[in-house]
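One structure is given below, encoded as structure tokens.
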Amino acid sequence: MNLLKHLLLLLCCSAVLTTGACNKSEKTGSTAAPATQVTKTQPVITGAACTDQYVPLLKGKRIALLSNQTGTVGDKHVLDVMLEKGLNVTVIFSPEHGFRGKADAGEHVSSSVDEKTGIPIASLYDGKSRYPSKETMDKFDVIVTDLQDVGLRFYTYYVTMINLMEAAAEHGKDFVVFDRPNPNGMTVDGPILDMNLKSGVGRLPIPTVYGMTMGELALMANGEGWLKNGVKVKNLQVIPCKNYTHQTRYELPIAPSPNLPNMLSIYLYPSLCYFEGTTVSLGRGTDFPFQCYGHPQMTGYDFSFTPVSRFGAKTPPQQDKLCHGVDLRGLDPETVIAQGINLEYVIDAYNNLKKAGAQFYLKNRFFDLLMGNTRVRQMIAEGKTAAQIKATWKEGIEIFKKQRKPYLLYPE
């Protein structure tokens, strides 16, 4: 793309539009309010804080809100802000970890009632169906999403959003995203998902780290026809963040889930989550989840830890067993960011346990589902280096970057 076209594209994505955010979104009624001029000194303002932009849009409509403990505006929850502004929230949808963020990873969460407001909560992570019933869909006109995602293909919040977009398209409902920064938005890395491995931890043909906000990803999924059976939300709108770029180092004010307690864990998450498909502990059940790795049979390490049952990790891998491994808490965050996905940790643990004759992979396909293909497992077995493996997905990343460009709302 030449310079002139690139500048025109950026102008398109930041202008006030009546029929679309830019090129491909125009056809589906997708819109985005204008982003403001970015300066280094201005704090990021999330979409949920821009009440002047969304209150007129939502006034007089019955609203379903998809959110959790991360949906805050200062010291208030977005639900309370909406109610104070006179908006009519009739249903709350909750994702993985529940509306208050207290459930374990993968734990089923029952539907309930919000104690503070009395509004019914329809869980989308109850182990039954991840789509609302027709009875629930009849209770509202528009779905609002306000979730703090972390920008990883296997992080389930965006999957819940996509499921609701499909339901909205099927039932003719409007859809609005209150956008929030992506703390890993500066990075695009990892293989594109093999859609034969589509699952709850991999829903769209995107890289592991895709460098887009929830709002941008919603526009892309809708515009590219990625929703089930090619359906499209006719009226999709994004309330963008202000003063944000994809290079912004955004410190999350609230932990997005119980086992991502700080920014280092969020930056290491793209490299360590693959251990979820193995017998190796990544620190669940300790004070430093996603900041270490180890196993009872790994040898040659000075560092050790013992996972125990606790809040957010009721039955952690290798529970109550002394694990030997690597402490990553001393790493510089900027170094971790610059590395992107670092498979050296997985390869190190694999080789160590192989020498010990111990099992590395779990007996399910979870490692492949997290990785998004079966090739990486094969290459690790063949003794390929992390750099050699990473080189195999370079071309796919470049193609994806061009494909996503029309949907970006913020400077790269």
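Assorted remarks:
- ARG310, sole failed condition from (1) at pLDDT below 95; (2) closer than 26 Å to ILE397 by Cβ: (2)
- Long-range neighbours under 8 Å by Cβ, at least six apart or interchain, first residue closer than 21 Å to PRO258 by Cα within the stretch 311-333, second of a type in the set (Phe, Trp, Tyr) and in a loop (DSSP other than H, G, I, E, B): ASP327/PHE288; ARG329/PHE288
- Residues of the stretch 194-231 that are outside any helix (DSSP H, G or I) and over 15 Å from the mean Cα position of the chain (by Cα): ASP194, LYS198, GLU224, GLY225, TRP226, LEU227, VAL231.
- Among the residues of the stretch 208-251, those that are of a type in the set (D, E, K, R) and in contact with a Gly (Cβ under 8 Å, 6 or more places away or on another chain) comprise LYS232, LYS234.
Listed here are the residues, each with its yes/no results for (1) over 30 Å from ILE45 (Cβ atoms); (2) of a type outside the set (Phe, Trp, Tyr).
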position	(1), (2)
SER265	no, yes
TYR274	yes, no
HIS295	yes, yes
THR299	yes, yes
PHE305	yes, no
THR315	yes, yes
HIS324	yes, yes
LEU343	yes, yes
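- With respect to being of a type in the set (D, E, K, R) and closer than 20 Å to LEU197 by Cα, LYS363 fits the description.
- The conditions of being polar (S, T, N, Q), without any contact (Cβ under 8 Å) to a residue 12 or more places away in the chain, outside the structural domain of GLU216 (by TED's automatic domain parsing) and closer than 20 Å to CYS273 by Cβ are not met by THR392.
- Screening LYS363 on (1) modelled with pLDDT of 95 or more; (2) basic (Lys, Arg); (3) part of a loop (DSSP other than H, G, I, E, B); (4) over 26 Å from GLY151 (Cβ atoms) shows it passes everything except condition (1).
- Residues located in the stretch 335-351, provided they are free of Cβ contacts under 8 Å to residues at least 12 places away in the same chain and either crowded, with 19+ Cβ neighbours inside 10 Å or under 25 Å from the mean Cα position of the chain (by Cα) (or both): THR335, ALA338
- Those residues of the stretch 278-319 which are of a type in the set (S, T, N, Q) and assigned to a loop (DSSP other than H, G, I, E, B), in sequence order: THR279, THR286, GLN291, GLN297, THR299, THR306, SER309, THR315, GLN318, GLN319
- Residue that is modelled with the lowest pLDDT [pool: residues in the stretch 219-258 that are of a type in the set (S, T, N, Q) and surrounded by fewer than 22 Cβ atoms within 10 Å (Cβ to Cβ)]: ASN229
- Selection from the stretch 378-404 of residues that are surrounded by 17 or more Cβ atoms within 10 Å (Cβ to Cβ) and either touching a strand residue (DSSP E or B) at 6+ places or on another chain (Cβ under 8 Å) or within 16 Å of VAL188 (Cα to Cα) (or both): ILE389, LYS390, TRP393, ILE397, PHE400, ARG404
- Note on the stretch 275-287: residues that are surrounded by 24 or more Cβ atoms within 10 Å (Cβ to Cβ) and either under 14 Å from the mean Cα position of the chain (by Cα) or among the hydroxyl-bearing types (Ser, Thr, Tyr) (or both) amount to 1.
The values are calculated or read from the model by the stated rules, or taken from the named source; none is laboratory data. No experiment lies behind these values; they were computed from the predicted model shown. So basically every Cβ, Gly included, is an ideal-geometry build from the backbone, and we count neighbours across all protein chains shown.
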